[in-house]
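In what follows, a single structure is set out as structure tokens and then discussed.
Readers should treat all values here as calculations from the given coordinates under stated rules, not as data from a laboratory. Keep in mind that what you see is a predicted model, and the values were worked out from it rather than measured. Here Cβ is always computed from backbone atoms with ideal geometry, including for glycine, and neighbour counts include all displayed protein chains.
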Amino acid sequence: MVIRAQDSRHDRIQKIVLRLREARTQPEVRLSFKDGREVEGAITFVERLGTGRLINVDNEFSLEFSIHDIDRVQY
């Protein structure tokens, strides 16, 4: 018999995708990455590719990201 893990990697990615879907309409989002970086700005997100871009106009900064690099999405 196979026992499913409480928080598998697939479930975690699905939660991040859901948060990114919701975050697309927010004026400012904070992304926390697995490597410890935290960046703020508006995001675009292409769900079928699992990639997006965070843009911070005030700091003239943009960053491409993958859902596999994200630890947490806050808005």
Average Cα contact separation per residue, the chain, under 8 Å, 6 or more apart, as relative contact order % | 32
With R₀ set to 25 angstrom, the calculated FRET efficiency between the beta-carbons of HIS10 and LEU63, to the nearest 0.05, is 0.50
Take every Cα-Cα pair in the stretch 27-74 and report what % of them are more than 18 Å apart.
-> 20
So what's the back-of-envelope 222 nm ellipticity for the chain, counting only DSSP H runs of four-plus at -39500 (n - 2.57) apiece and dividing by all residues, rounded to 500?
-> -6500 deg cm²/dmol
With the dipole of the chain defined by +1 on each Lys or Arg Cβ and -1 on each Asp or Glu Cβ, the option from HIS10, GLY36, ALA23 whose Cα lies farthest towards the positive pole is HIS10
Cα long-axis angle, helix 9-23 against the chain (0 to 90 degrees, to the nearest 10) | 30
Output ordering of 17-23, 46-52 (per-residue mean of other Cβ within 10 Å, highest first) is 17-23, 46-52
